[in-house]
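J.: Here it is: the structure, laid out below.
The values are calculated or read from the model by the stated rules, or taken from the named source; none is laboratory data. Keep in mind the model is a prediction, meaning the values are calculated, not measured. Here the Cβ positions follow ideal geometry from the backbone for every residue, glycine too, while neighbour counts run over all protein chains shown. Calculation scope for accessible area: heavy atoms of the full protein, side chains included, ligands and nucleic acids excluded. Shrake-Rupley method; radii C 1.70, N 1.55, O 1.52, S 1.80 Å.
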Amino acid sequence: MGEVTLTVEKESEDASGDRRKSEETYSIDQPGAPRDSSLHLVQRVTTTQRSNANGQQTSKVAEQTNPGDPGAGLWVTTVSNETVRLGPDGVRETGTVQMRDANGNLDVVSVDMTKADSTHAINVQIAAPKPK
């Protein structure tokens, strides 16, 4: 009896501090193809994270086997991007998600724009009550 699925994770960081993580899933079950005894790459999720003094950008790309053409390899099924910008007036966050439609095109299905105003810390001193 052999393995049915296998997940392989890889992480790296380049000289500029950009980080990249990929997770690959291998399986003997390949959508749209008959089962054989070999492990096939059926999914890959790659996350890239870039940071600088103004904020951070994260991109996540999910690829899967196309059940209509399993021999064609992986194709992109979902792309999500998130950008966080730091500024004197607060934090601005923008996120988008794209997914494949029935025709195979990547369409934007979600957009999120958030703004958080800059908040200032408030000092609160807690002390025991004074004896009378």
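J.: Mind putting a number on the dipole of the chain about its Cα centre? Charges go on the C-beta only, +1 for Lys and Arg and -1 for Asp and Glu, and I need it in Debye to the nearest 20.
T.: Dipole about the Cα centre, nearest 20: 800 debye.
J.: Also, I was wondering about something else. DSSP loop (so not H, G, I, E, B), at most 11 other Cβ within 10 Å: list which GluC sites (Glu not before Pro) in region 1-99 pass both filters.
T.: Qualifying residues, ordered by number: Glu3.
J.: Where the eigenvalues come from the Cα gyration tensor of region 58-113, what are the semi-axes √(5λ) of the equivalent ellipsoid, largest first, in whole Å?
T.: One finds semi-axes of 31, 11, 4 Å for region 58-113.
J.: From the residues Gly87, Gln49, Ser110, which one has its Cα farthest along the dipole of the chain in the positive direction, the dipole being from +1 and -1 charges on Cβ of Lys/Arg and Asp/Glu about the Cα centre?
T.: Gly87
J.: Give me the 1.4 Å probe accessible area per residue for the chain, excluding ligands and nucleic acids, in Å².
T.: 74 Å²
J.: Out of every Cα-Cα pair in the chain, what percent are more than 19 Å apart?
T.: Beyond 19 Å sits 67 percent of the P(r) for the chain.
J.: For the chain, which whole-number percentage of the solvent-accessible area (1.4 Å probe, protein heavy atoms only) is attributable to carbon and sulfur atoms?
T.: Here it works out to 50 percent.
J.: For the chain, what is the relative contact order in percent, using Cα pairs closer than 8 Å and at least 6 residues apart in sequence?
T.: With pairs under 8 Å counted, the relative contact order is 14 percent.
J.: Would you work out which of Thr77, Gly17, Thr7 lies farthest towards the positive end of the dipole of the chain, given +1 charges on the beta-carbon of Lys and Arg and -1 on that of Asp and Glu, about the Cα centre?
T.: In the chain, that residue is Gly17.
J.: Here is a further query. Can you sort Thr78, Thr46, Thr7 by solvent-accessible area, 1.4 Å probe, largest first?
T.: So the residues, ranked largest to smallest area, are Thr7, Thr78, Thr46.
J.: Could I ask something else about it? For Val109, which sequence-distant residues (separation of 5 or more, or a different chain) have an amide H within less than 5 Å of its own amide H, given hydrogens modelled in the peptide plane?
T.: Sorted by chain and number, the residues that satisfy this are Val97, Gln98, Met99.
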